[in-house]
Amino acid sequence: MRVSRDTMEHLFSCFDTTYRVLGESAPTLTNDAYVIRTYEMARALGEVTLSFREYLGEVTRAPLAPLEDVLRRAVASDASGAMILFAMATLVGPRMLVSLRDARALGDDECEREILNLASGVLVREIRAVGDVAGRFPPIEDVAWQAGARSLATTLDAAGNAESFGVSR
């Protein structure tokens, strides 16, 4: 059984959205370590996006609105890059992992499973890499920054993405 094309296109949109926003944002950030990590993450997610595109063939680019909103707000609220990396490591990445897990449960096609496993592996690697970079800096104890971080989570929750970005059958 195969995962539906709608599900694979939806996952493509998740990865394409993150790839584009991270790639556009990296050169605007001010902390060199965060710039490098953001570029590297964009590159890695771009490779996953390409895998989805090669599998799907012709696919319409349609950004996932709540995801794009959260990432762009993260960049706008913190020029250093800490907020976008926080968002990717603790809000976006884990939700994308749940979506990938749910998609794997819908089918057993080997090609699809390879793409979904690749995507999961890349996300886990990138989340860990964010932790490695962030660990070199002191925790951010700014109350306004923390409120901004919570508002990103609230945005995803309110959009129906409390645990994942969903899949369709």
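The table below lists the values:
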| quantity | calculated |
| --- | --- |
| Residue in the range 135-147 that is in a helix (DSSP H, G or I), aliphatic (A, V, I, L, M), in contact with a helix residue (DSSP H, G or I) (Cβ under 7 Å, 6 or more places away or on another chain) and surrounded by 12 or more Cβ atoms within 10 Å (Cβ to Cβ) present | no |
| Residues of the range 10-27 that turn out to be touching a helix residue (DSSP H, G or I) at 6+ places or on another chain (Cβ under 7 Å) and surrounded by fewer than 17 Cβ atoms within 10 Å (Cβ to Cβ), as a count | 1 |
| Hey, Ala76 at pLDDT 95 or above, in contact with a helix residue (DSSP H, G or I) (Cβ under 8 Å, 6 or more places away or on another chain) and part of a helix (DSSP H, G or I) or not | no |
| Count of the range 139-169 residues which are closer than 30 Å to Leu106 by Cβ and β-branched (Val, Ile, Thr) | 3 |
| Residue count for the range 148-169, restricted to those that are hydroxyl-bearing (Ser, Thr, Tyr) and not in a helix (DSSP H, G or I) | 2 |
| Qualifying positions in the range 88-118 - over 16 Å from Glu40 (Cβ atoms), assigned to a helix (DSSP H, G or I) and among the small types (Gly, Ala, Ser) | Ser99, Ala103 |
| Residue identified as aliphatic (A, V, I, L, M), surrounded by fewer than 21 Cβ atoms within 10 Å (Cβ to Cβ) and on the phi < 0 side of the Ramachandran plot among Ala87, Ala62, Ala74, Ala103 | Ala62 |
| All positions within the range 5-30 that are farther than 18 Å from Asp69 by Cα, touching a Ser or Thr at 6+ places or on another chain (Cβ under 6 Å) and in contact (Cβ under 8 Å) with a residue 60 or more places away in the chain | Asp6, Thr7 |
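The values are calculated or read from the model by the stated rules, or taken from the named source; none is laboratory data. Since we're looking at a predicted model, the values are computed, not measured. Cβ sites come from the backbone with ideal geometry, for glycine too, and all protein chains shown count toward neighbours.
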